[in-house]
Structure formats: structure tokens, C-alpha cells
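Enquirer: Below you will find the structure I want to go over with you.
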Amino acid sequence: MRATAKLRMHRATPRKTRLVIDQIRGKDVGEAESILKFTDKRAAAPILKLLTSAKANAVNNHDMFEDDLFVAEAQVGDGPTLKRYLPRARGRADLLRKRTSHITITLEERRGQ
């Protein structure tokens, strides 16, 4: 049984968000929560909220035990890029790419413990 939560259009670059996601992949939910609480990255707070949502989905919708849950999959994909222009000297313009991320967290129960 798997419980999933998704966060789409998160306004942070996928590269920076993957740094945080890589820290919690494969960890127990309690350990992952404590790692995210003390991680000093901007993406940590929305990922912690997403992990809490996935845990609630597992407990309430799939009747899984909270103590046995672990992060089975954690993925960050590219979302749409917002393109803006920045005025430069002599009438020119530079392209600014404001990237977004799609984050997916999947929880499973540990078996055989």
C-alpha cells in the first residue's frame, strides 16, 4: 500500500529543491520530519508540509500505521518556467527564467519488523 502527496508549481528551482529531497529519501517519517525542521533551506518548509500531508493521507485514507511509515519515493520534476525580462543598458533586455518545481512524496509501510 502506498500513500502519495503532490505539490505542483512550487516557486523554487528544481535543482535547489532536490538538495532537500535527497536528504529524506528512504528515511522513516519521524526522522525525515526532524531533518526538515532543522534544514536551513527555503524549500524545507513546503516539503515538510507536503510530508505531513502524505502522512495524513496514509493514516486516514489507507489505514496505515504512522510508526511504520517511511519515504519510499521522493521526486522533484521541472514545472513550467515563468519568463520575464530585465531592462539593461542601451535599450537591451535580459531574459529572467523563474523556474517552478513539481514535488511528489510517496510513503510505504515497513514490513517484517
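Enquirer: Those residues that are surrounded by 15 or more Cβ atoms within 10 Å (Cβ to Cβ) and aliphatic (A, V, I, L, M), I need them from the stretch 42-56; list them, please.
Expert: 43, 44, 47, 48, 50, 51, 54
Enquirer: With respect to residue 98, is the statement that it is in contact with a helix residue (DSSP H, G or I) (Cβ under 9 Å, 6 or more places away or on another chain) and either exposed (fewer than 14 other Cβ atoms within 10 Å of the Cβ) or not acidic (Asp, Glu) (or both) true?
Expert: no
Enquirer: Still on this structure: Hey, does the stretch 58-79 have a residue that's farther than 23 Å from residue 32 by Cβ and either polar (S, T, N, Q) or at pLDDT below 95 (or both)?
Expert: No; the residues of the stretch 58-79 include none that is farther than 23 Å from residue 32 by Cβ and either polar (S, T, N, Q) or at pLDDT below 95 (or both).
Enquirer: Would you check which residues across the stretch 31-69 are more than 25 Å from residue 111 (Cα to Cα), touching a residue at least 40 places away in the same chain (Cβ under 8 Å) and among the polar types (S, T, N, Q) and list them?
Expert: Within the stretch 31-69, no residue meets the criteria.
Enquirer: Separate question: How many of the residues in the stretch 8-25 are of a type in the set (A, V, I, L, M) and surrounded by 19 or more Cβ atoms within 10 Å (Cβ to Cβ)?
Expert: Qualifying residue count for the region: 4.
Enquirer: If you scan the stretch 28-77, which residues turn out to be assigned to a loop (DSSP other than H, G, I, E, B), closer than 15 Å to residue 103 by Cβ and among the hydrophobic types (A, V, I, L, M, F, W, C)?
Expert: 43 - this is the single residue of the stretch 28-77 that is assigned to a loop (DSSP other than H, G, I, E, B), closer than 15 Å to residue 103 by Cβ and among the hydrophobic types (A, V, I, L, M, F, W, C).
Enquirer: Among the candidates 76, 59, which residue alone is surrounded by 10 or more Cβ atoms within 10 Å (Cβ to Cβ), among the β-branched types (Val, Ile, Thr) and within 23 Å of residue 18 (Cα to Cα)?
Expert: 76
The values are calculated or read from the model by the stated rules, or taken from the named source; none is laboratory data. No experiment lies behind these values; they were computed from the predicted model shown. Counting neighbours? That spans all protein chains shown, and the Cβs are built from the backbone with ideal geometry, glycine included.
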